[in-house]
Amino acid sequence: MRRAAPALLLAAVLALSACGGGDSSSSSGDSGGGSGGSGGGGYGSMSPPASSSGGGASTVTMKGFAFSPKKATVKVGQTVTWKNADSAAHNVTAQSGADFKSDNFAKGGSFAFKPTKAGTITYECTLHPGMTGELDVTS
């Protein structure tokens, strides 16, 4: 009986520590991967909304022939900057909700826009079909 007690206690401690660690990492893994579709996309899309809610500038990165985040929320008058992190040139052209069109810009280049009214702005890179994004502009 005395031999079983330490083994049982050890098994209980290991089981409890495994459960605590598993719940925490599983939960954070689900939220990161679920929102972005891929590991990197999920984490990239979490960062810009945090900076946009502070009322300062908001950045959208162009990487892997995609905008990240694909959808961002900004305030009227807040500067949005698109930065090209791809080796290919890109541009940013409004499809609806605003009127802007950047020149093509290479890796390291950027384009900035400041929305003047609330609403939804959809945009695209006209060089790469399917490379689209959206800004939800709030007052």
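Read-outs: derived from the displayed coordinates by stated rules, not from any lab. This structure is a prediction, so every number in the text was calculated from the model and none was measured. Here Cβ is always computed from backbone atoms with ideal geometry, including for glycine, and neighbour counts include all displayed protein chains.
Backbone N atoms of segment 54-91 closer than 12 Å to the 7 Å Cα→Cβ label point of ALA118 belong to residues 75-76.
What number comes out for the charge environment of PRO115, summing +1 per Lys or Arg and -1 per Asp or Glu over other residues with Cβ under 13 Å away? List each step's numbers first, then the result.
Values: positive: LYS75, LYS114, LYS117; negative: ASP99, GLU134, ASP136.
Cβ neighbours under 13 Å give a net charge of 0.
THR126 sits among other residues whose Cβ lies under 13 Å from its own Cβ, and their net charge, with Lys and Arg +1 and Asp and Glu -1, is -1. Projecting the Cα atoms of TYR123, PHE105, VAL76 onto the dipole axis of segment 47-138, where Lys and Arg carry +1 and Asp and Glu carry -1 at the beta carbon, places VAL76 farthest toward the positive end. Summarising the amide proton neighbourhood of THR79: residues at separation of 5 or more, or on other chains, whose placed amide H is nearer than 5 Å comprise SER58. Summing +1 for each Lys or Arg and -1 for each Asp or Glu among the other residues whose beta-carbon sits under 15 angstrom from that of ALA57 gives +3.
Each label point was placed 7 Å from the Cα along the Cα-to-Cβ direction; for THR132 and LYS70 their separation is 1.0 nm.
Coupling constants for segment 111-123 follow from the phi torsions by the Karplus curve (6.51 cos²θ - 1.76 cosθ + 1.60, θ = phi - 60°), and in residue order they are 9, 10, 8, 10, x, 10, 8, 6, x, 9, 10, 9, 9 Hz; glycine and proline get x.
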